[in-house]
Amino acid sequence: MTPVTRDPGTATTPRADGATWRSITPGPAELDPRGYARRRGLVERGLAILAPVVLIGLWQLLASGGTLESNYFPAPTTIAASWGELIESGVYQESVVASVQRIVIGYLAGSLSAVVLGLLIGSVRLLRVALEPTIAALYTVPKLAILPLLLLIFGLGETSKILLVALTCFFVVLINTIDAVSGVSPRYGDVGRSSGASRWATLRHITLPAALPQTITGMRIASGLAVIVIVGAEFVAADAGLGFLVWNSWNLGVPEHMYVGIVSISVIGVIASMLLRGLEWLLTPWNR
Amino acid sequence: MSPLPADGAAEAGVKIAVRKVGKVFPAGTGSVQALADISLEVRDGEFLCLLGPSGCGKTTLLRVMAQLERPSSGVIEMRHDDPSRPLSAVVFQDYSVFPWKTIRDNVIFPLLQTGMRKAEARRVADHWLAQLDLGGFERAYPDTVSGGMKQRVAIARALAVQPELLLMDEPLAALDAQLRLLLQEKLLELWQAHQNTVVFVTHSIDEALLLGDRIAVMSARPGRIATVIDVPFARPRHPDEIRASPDFAALRDEIWHRLRRELQPA
Ligand SMILES: Nc1ncnc2c1ncn2[C@@H]1O[C@H](COP(=O)(O)OP(=O)(O)O)[C@@H](O)[C@H]1O
Ligand SMILES: [Mg+2]
């Protein structure tokens with residue numbers, strides 16, 4: 001049997017005594033751990049930046065060479081130029097502000113009320129058994145499907161769109177919060193009870209922090225859904241906003257604007273997700 | 001809570017009177033009888049060890065004493081002497097230290113529930129943390145320290161409220177042998193200084209002999225009190241001397257035979 005060297009740091013050498021000895025020695029990662037980690041970090045970050053740059057460069061080449069149909073896939077430089085025009089005319093800022101406003105107001109109203117209600121429903125058993133099936137059923141309704149109903153009731157103004165975002169976020173956060181609260185290990189409740197903690201102290205010092213990580217996960221999912229749903233609503237029921245920009249550029253036959261809208265929407269989604277990761281970092285220091 | 005029957009509750013020197021207590025848990029379609037007809041008196045100021053094989057109902061009995069569980073039958077009476085102090089505090093078998101609170105805030109939490117001011121609670125917490133050699137770790141989160149330290153946090157948290165009755169459920173079971181010896185000495189020292197009544201669950205005969213005034217030996221499920229043994233060693237006790245004494249070996253043998261009989265089906 002030939003000895004196999006599994007790792008660069010190990011080597012097998014036959015010796016005079018006829019036996020094969022395996023020696024295990026420090027490798028580059030052990031000899032210079034800091035330098036090794038730094039070099040690896042640089043390479044990894046470099047790759048993460050390089051990959052999209054290469055893709056965009058490829059796109060640019062194919063588009064300007066005529067391989068890609070410019071009516072569908074305008075060159076990145078064309079998109080950048082029309083982005084500049086949209087900013088200059090102020091249409092871009094107007095669109096971003098309109099969408100962000102709807103997302104932020106709807107999101108905050110929906111999520112925050114859901115956290116409060118979720119804590120309540122989750123910690124009061126009777127409320128939970130009474131409401132959970134109904135909430136689960138309502139949760140499955142695709143919220144975009146009720147947009148026409150909201151339009152019917154509240155008209156074409158801001159209210160219907162903000163409400164749509166709020167409802168979408170509300171159910172996701174509510175379900176996650178209830179789930180988080182009912183998943184809190186009873187042993188922590190035992191500590192509370194044997195310390196004579198009041199209901200409020202239990203909620204504040206035990207239920208809330210124990211349920212917080214999963215609640216924030218729900219809030220992060222909700223932020224993604226808020227972006228999706230507002231775009232859908234703006235397609236059909238708005239005269240401003242990034243969704244409207246995308247939809248309208250299809251009508252007008254300006255594909256560059258479509259890309260500006262699509263990229264901006266994604267960026268908003270990424271920023272929202274980053275903000276919530278930051279919130280999580282702030283609020284759950286014990287998980288850092 | 002229902003009013004207690006008046007018969008004999010005020011017996012002199014008795015802190016807890018457990019009378020014919022049974023506990024049945026529903027389990028699936030059937031039920032588990034965890035405790036059967038337990039009768040036991042815990043004396044005021046004593047260190048009582050509950051010793052028995054695992055699964056015999058030690059935790060269940062302790063939880064009933066902690067008012068976290070109610071008996072299925074029988075009654076437990078506990079005398080609360082000083083309303084300004086909490087009747088009992090518990091050290092749980094699985095620590096149950098809050099991961100979201102710093103070590104200091106874990107100890108502060110029950111203090112605040114007694115109505116203590118924050119500054120005072122902080123001072124008291126730091127005192128007990130120092131007593132358990134946790135000075136310097138006040139601001140650390142529990143998940144960043146070892147299991148042995150977490151368990152000491154749980155002990156500090158229970159001691160800090162100065163309960164009349166300290167209920168401890170295998171507080172040292174999860175520790176390695178050396179650390180366990182050190183903490184046994186620590187507990188002995190603290191108890192000798194403060195003398196609250198202690199009910200201490202353990203499955204270690206040595207530990208029971210070292211710490212206890214009396215040892216209540218429980219039988220396998222359903223848990224009953226098989227026998228109660230007086231531990232003759234004088235206080236203050238010194239662990240090394242006790243372990244070396246011939247009485248220690250003899251008592252240990254006696255209890256071991258007793259336990260072995262309980263574990264073997266007749
Ligand atoms: N909440 C519960 N529900 C069902 N069975 C339980 C519950 N708590 C304890 N038991 C059962 O009661 C018996 C005694 O448990 P326990 O008091 O934890 O024993 P010990 O602490 O001596 O190991 C065990 O068989 C256990 O499975
Ligand atoms: Mg137990």
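The values are calculated or read from the model by the stated rules, or taken from the named source; none is laboratory data. Keep in mind the model is a prediction, meaning the values are calculated, not measured. Positions of Cβ are backbone-derived with ideal geometry, glycine not excepted, and every protein chain shown enters the neighbour counts. Heavy atoms of the whole protein, side chains included, go into the accessibility calculation; ligands, DNA and RNA do not. Shrake-Rupley method; radii C 1.70, N 1.55, O 1.52, S 1.80 Å.
Could you please let me know if B:Thr144 is in contact (Cβ under 8 Å) with a residue 40 or more places away in the chain and outside the structural domain of B:Lys23 (by TED's automatic domain parsing)?
no
Can you tell me which residue in the range B:123-146 is nearest to the other protein chains (Cβ to nearest Cβ), limited to those that are farther than 22 Å from B:Trp191 by Cα and not hydrophobic (A, V, I, L, M, F, W, C)?
B:Tyr141
If only one of B:Cys49, B:Cys56 is buried (at least 22 other Cβ atoms within 10 Å of the Cβ) and more than 11 Å from ligand 1 (Cβ to nearest atom), which one is it?
B:Cys49
(1) out of contact with any strand residue (DSSP E or B) (no Cβ under 9 Å at 6 or more places or on another chain); (2) surrounded by fewer than 17 Cβ atoms within 10 Å (Cβ to Cβ); (3) within 30 Å of B:Glu120 (Cα to Cα): which one isn't true of B:Gly147, the others all being true?
(1)
Consider B:Leu35 carefully, then state whether it is within 16 Å of ligand 2 (Cβ to nearest atom), within 16 Å of the chain's Cα centre (by Cα) and closer than 21 Å to B:Ala216 by Cα. First the steps, then the outcome.
On the way: within 16 Å of ligand 2 (Cβ to nearest atom): yes; within 16 Å of the chain's Cα centre (by Cα): no; closer than 21 Å to B:Ala216 by Cα: yes.
Considered against the rule, which asks whether it is within 16 Å of ligand 2 (Cβ to nearest atom), within 16 Å of the chain's Cα centre (by Cα) and closer than 21 Å to B:Ala216 by Cα, B:Leu35 comes out as no.
May I ask you to list pairs of residues, at least six apart or on different chains, whose Cβ atoms are under 6 Å apart, with the first in the range A:262-275 being without any contact (Cβ under 8 Å) to a residue 12 or more places away in the chain and farther than 23 Å from A:Pro74 by Cβ and the second being open to solvent by 30 Å² or more (accessible area, probe 1.4 Å) and of a type in the set (A, V, I, L, M, F, W, C)?
Taking only residues 6 or more apart or on different chains, not a single pair turns up.
Given the condition open to solvent by 50 Å² or more (accessible area, probe 1.4 Å), of a type in the set (D, E, K, R) and either modelled with pLDDT of 95 or more or in contact with a strand residue (DSSP E or B) (Cβ under 8 Å, 6 or more places away or on another chain) (or both), answer yes or no: does some residue in the range A:172-188 qualify?
Yes; the residues of the range A:172-188 include at least one that is open to solvent by 50 Å² or more (accessible area, probe 1.4 Å), of a type in the set (D, E, K, R) and either modelled with pLDDT of 95 or more or in contact with a strand residue (DSSP E or B) (Cβ under 8 Å, 6 or more places away or on another chain) (or both).
Taking the stated definitions as given, is B:Gln162 farther than 17 Å from B:Val97 by Cβ, touching a residue at least 60 places away in the same chain (Cβ under 8 Å) and not hydrophobic (A, V, I, L, M, F, W, C)?
yes
Please work out which one of (1) free of Cβ contacts under 8 Å to residues at least 60 places away in the same chain; (2) open to solvent by less than 10 Å² (accessible area, probe 1.4 Å); (3) not assigned by TED's automatic domain parsing to the domain that holds B:Glu69 is the condition B:Leu188 fails and give its number.
Just one mismatch for B:Leu188, condition (3).
Can you tell me which of A:Ser99, A:Ser82 is under 23 Å from the mean Cα position of the chain (by Cα) and touching a residue at least 24 places away in the same chain (Cβ under 8 Å)?
Working: A:Ser82 fails: under 23 Å from the mean Cα position of the chain (by Cα).
Residue meeting the stated conditions: A:Ser99.
Counting only residues that are under 22 Å from the mean Cα position of the chain (by Cα) and more than 10 Å from every other protein chain (Cβ to nearest Cβ), give me the helices (runs of 4 or more DSSP H) lying completely in the range A:140-212 with at least 3 of them.
Correct list: A:158-182.
All but one of (1) aliphatic (A, V, I, L, M); (2) modelled with pLDDT under 95; (3) exposed (fewer than 13 other Cβ atoms within 10 Å of the Cβ) hold for A:Val124, so report the exception by its number.
Result: A:Val124 passes all but (3).
May I ask you to list the residues in the range B:67-104 that are at the interface with chain A (Cβ under 10 Å from one of its Cβ atoms), surrounded by fewer than 22 Cβ atoms within 10 Å (Cβ to Cβ) and within 13 Å of ligand 1 (Cβ to nearest atom)?
Scanning the range B:67-104 gives B:Leu68, B:Glu69, B:Gln93, B:Asp94.
Would you call B:Leu40 away from every other protein chain (no Cβ under 14 Å) and more than 11 Å from ligand 1 (Cβ to nearest atom)?
So B:Leu40 passes the test.
Within the group B:Val217, B:Val199, B:Val231, which residue is open to solvent by less than 20 Å² (accessible area, probe 1.4 Å) and away from ligand 1 (no atom under 16 Å from the Cβ)? Even if it seems obvious, please write down each step before you answer.
Details: B:Val217 fails: away from ligand 1 (no atom under 16 Å from the Cβ); B:Val199 fails: away from ligand 1 (no atom under 16 Å from the Cβ).
Just one listed residue meets the conditions, B:Val231.
Would you call B:Gly223 within 16 Å of ligand 2 (Cβ to nearest atom) and within 22 Å of the chain's Cα centre (by Cα)?
The answer is yes for B:Gly223.
Looking at A:Leu242, A:Leu252, can you tell me which residue is open to solvent by 30 Å² or more (accessible area, probe 1.4 Å) and in the same structural domain as A:Thr134 (by TED's automatic domain parsing)?
On the way: A:Leu242 fails: open to solvent by 30 Å² or more (accessible area, probe 1.4 Å).
The match here is A:Leu252.
Restricting attention to the range B:41-68, and to residues there that are part of a loop (DSSP other than H, G, I, E, B) and among the polar types (S, T, N, Q), which single residue is nearest to ligand 2 (Cβ to nearest atom)?
Among those that are part of a loop (DSSP other than H, G, I, E, B) and among the polar types (S, T, N, Q), it is B:Ser54.
Just the residues that are away from ligand 1 (no atom under 16 Å from the Cβ) and either of a type outside the set (A, V, I, L, M) or modelled with pLDDT under 90 (or both), please, taken from the range B:7-37.
B:Asp7, B:Gly8, B:Ala9, B:Ala10, B:Glu11, B:Ala12, B:Gly13, B:Lys15, B:Arg19, B:Lys20 - these are the residues of the range B:7-37 that are away from ligand 1 (no atom under 16 Å from the Cβ) and either of a type outside the set (A, V, I, L, M) or modelled with pLDDT under 90 (or both).
Across the range B:203-262, what is the total count of residues that are assigned to a helix (DSSP H, G or I), modelled with pLDDT under 90 and touching a strand residue (DSSP E or B) at 6+ places or on another chain (Cβ under 7 Å)?
Count: 3.
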